[in-house]
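Notes follow once the structure below has been shown.
We did not get these values from a lab; they are worked out from the coordinates using the rules stated. All of these numbers come straight from a predicted model, not from anything done at the bench. Every residue, glycine among them, receives a Cβ derived from its backbone with ideal geometry; neighbour counts consider all protein chains shown.
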């Protein structure tokens, strides 16, 4: 690839950048950077590698680098490309840069600092492009796929769809694979090898030829003089390679089917992007011209294909800054290698131009990229940091090509605490962990302030005893990654409803519903229902003497679902003497009605059907009633599942319910149950997650459980021969190391040239030891990540006994810390005697069935409180007077499921009260005519909606009749030029303050801006805004959606901005809510008073939401076009707002 020269370093005596990193930090109110950070931020525009240890502030430093470059005019914001691995990290980096640039512009204007780039660059919405590596590869494929003959609009296959396609390939294969592996194993192998070929840019034919060559080299080894030399492992390896070579034919077919259906998977995207970058130099030239600076985050986790992609695009001297930590490379199982980071200086060299001799052409001189360290930990206290450095010491001693220094504690770091506990059983270990966390964790409202906590495990199988112990301590627990989306309880229930309604043979799904929180069928009723199903099955299975001895087919057999649809008559008793209880019969009848209703709705689209099933089973209400989650978190999984269904419906050829359920089963088996929605960990709950999932997160208190040999590390170290691993020698879907692009960084096995069978055997044994050491290094990096998640308190635990018959040994990672005096022993159970039996064998697990959903895991039961609240609601409903259908605003609809009054049932005083039932139609006609007469007389009024926006309240007060007409006959409002101007201006102001959110259409900022128009375009409005005092103040909040209840109505507020009150600087908590208006104040006094209602709602909503005394909250309109801020002397209080709403509703009976 041709070299791309970078800008030469500044010549001696050249003017330095106008703004230093320290000056920028002071302007935006940040701590000044350290000397290490300054070197990174102010580095010249040339390739560099930043080795950043855990908690060393790499994200902050990367954001500072971008701001420094932009502020000094070296690049424009949109000329910066940032790549990272997760959407969370990408969003965090982008948000920091946007906020910092806006803060810099405001501070420069306030301090009178001239920015070299001028205000135009920072005032506009230009921003760096920050995305994930996969998203960037996908964009390249979308733009340039035609260069490789691939349709740019190819659909992306999820893992479930990939598995279905691979299964079709395997099941339709007619060749002989000569393998004893199960079909599912072969399908897995096809997918694994297909992904590995993409990761290492190989074609199936090339891979097969190289595998066959390896097998031939092994088979050609002479037996030698010692005929007793072990040959079994070599022969097994040759046979395994032959099986893999044959499976590659299926991989080729799998690829062909993807191409034929214009489909791609994630591996295809990265591989295609790498080939585009490698084979089309003009693509790299365009990307370098578009992005003058490139930042690569978490570089140690990049794969071989990603390295090829990035080097083909940006090597040759382009200003690329890679940030990473080889000690945190924990994704080797998916192709990442810490050696990739070590190779960066050679792959991305600095290219310097030297003038040619005697006027000749300029010459290029290349040298390795600069390497800078960030070695100060801003996260960990001293004891925690000492433990982390000790765990990582063997990694540093292994002779890495890039120097990784020990992390140093930050100035003023606390002492910190590291504890160790070894218990007899996993139950005792869980109890010790729970007690430790309970003594340290504090929620937000605690007088001592919030303290966050997490429990980390090597594997998900360790979660359950820990979860139960934490719940028994009364702690709120958030299990992260126990299963995918399809393992979430509410989603499991919803899928079970769909399965039972669609397929009468899915008795398993029905049992889930019968024993779940909604139906809670007891054992006696479940036995009785089973007897009824079996009795019906025997009846269906009898041979018909007139049918010539024809036996009923299996699809004609009566199932448990059929038995539910056709319950026995009252008084029925099975041959075993069982019968349904009255309560059980009522619950079964209710569930049967739900399933019948779902079946009747199967004509709906899939998203509508799933939404209806959710409503019918009551899941929408159930999740909102959770005490340990707010409304958004409670609905997150159901909303994510609805998105999954919508995506399936859009992409499937035939989006039927049966096809959806089959796809969901594949997803449950192949994708760990689909990806959960991306959410921030709940700071007021204790997180329970794997160490892999914890990367990038931190807590005040962390417990790492299961630190036993074979647990963490997963590869045992304490065996007689040390750690061993088979590497690529076994596994139908494992690509041999010699075929991988990173083969030089992996253990080597020389397959060719062995003197005899004994020599080959010794080579294989050495390879397994090398592979074991390689895996232990990966596990050590994982332990390092776990330890560095804790800020100040860390507990490391192990248990001698689990499920096995033999005891477990304490992990060397833990025992080394104790031996070095870096962990205080809290408890240490003695090592069991050789003949000792597992004490857990005597444990008997008990449970109450049916389980009470209000009393789980030993936590305090909520049932008495919930039942008391429900009784209060029912009592209040019984005391509420009845209303006719024609009641006015404020009338509430009957609850869903409540029976509507029959036309034959007349109210008191109705002359038709004694009419017979056959006169129903006459009674209905009389009532309809009476309602028509009321409407013509102008007395009919429209119920107010249960939710009202603050601007709707203003319209209601200004013109009740017009507002009622809009509710009765809603029509689209005429587009307003002023509203469009307001919306555009609000979007600009929102970006100015560095905030962006999604809104409902009615809540669109500026949509209610009908103040008197001022003839000013957007540029003038922005200039006018910058002249207001608000533009250069830092807001407390921007564009906040808040709901509050007044008089039984939910009032929605979208608050533009909240600032500390400049008129009351000495009063803590005093704020002013500001609403932007692009026009001038209305001249009419009545209209001004109506508009004050909007501010009154905002003031009340903010005070309630933040639990602030309303006296500390003021509210004002900022009329930007006119350049004035109007704060009413008095705003209506809650009682006055409630009176307005009550006045809109008619008096019952009037």
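Odds and ends about this structure:
- Residues 292, 586, arranged from fewest to most other Cβ atoms within 10 angstrom of their Cβ, appear as 586, 292.
- Neighbour counts of other Cβ atoms within 10 Å put 1077, 459, 258 in the fewest-to-most order 459, 258, 1077.
- Kirkwood hydrodynamic radius of region 155-261, Cα pairs, Å: 15.2 Å
- Estimated inter-spin distance, residue 1018 and residue 364, nm [label 7 Å along Cα→Cβ]: 4.2 nm
- Length gained when the stretch residue 804-residue 831 is fully extended (0.36 nm per residue, less Cα-Cα span): 8.2 nm
- Each Cα pair under 8 Å and six or more residues apart adds its separation to the average, and for region 690-811 the resulting relative contact order is 47 percent.
- Applying 0.36 nm per residue to the separation of residue 282 and residue 875 and subtracting their alpha-carbon distance, the gain on full extension is 205.9 nm.
- Simple spin-label estimate for residue 987 and residue 534 gives 6.7 nm between the two label positions (7 Å along the Cα-to-Cβ direction from each Cα).
- Calculated FRET efficiency for the pair residue 612/residue 353, C-beta based, R₀ 56 Å, to 0.05: 0.25
- Ranked list, fewest to most other Cβ atoms within 10 Å of each Cβ, for 1075, 756, 959: 959, 756, 1075
- Label-point gap, in nm, between residue 583 and residue 23 - each point 7 angstrom along Cα→Cβ: 7.7 nm
- The C-alpha atoms of region 192-332 occupy a region whose extents along the principal axes are 65, 42, 25 Å, arranged from largest to smallest.
- Normalised by 2.2 N^0.38 Å, with N the number of residues, the alpha-carbon radius of gyration of region 249-301 equals 1.53.
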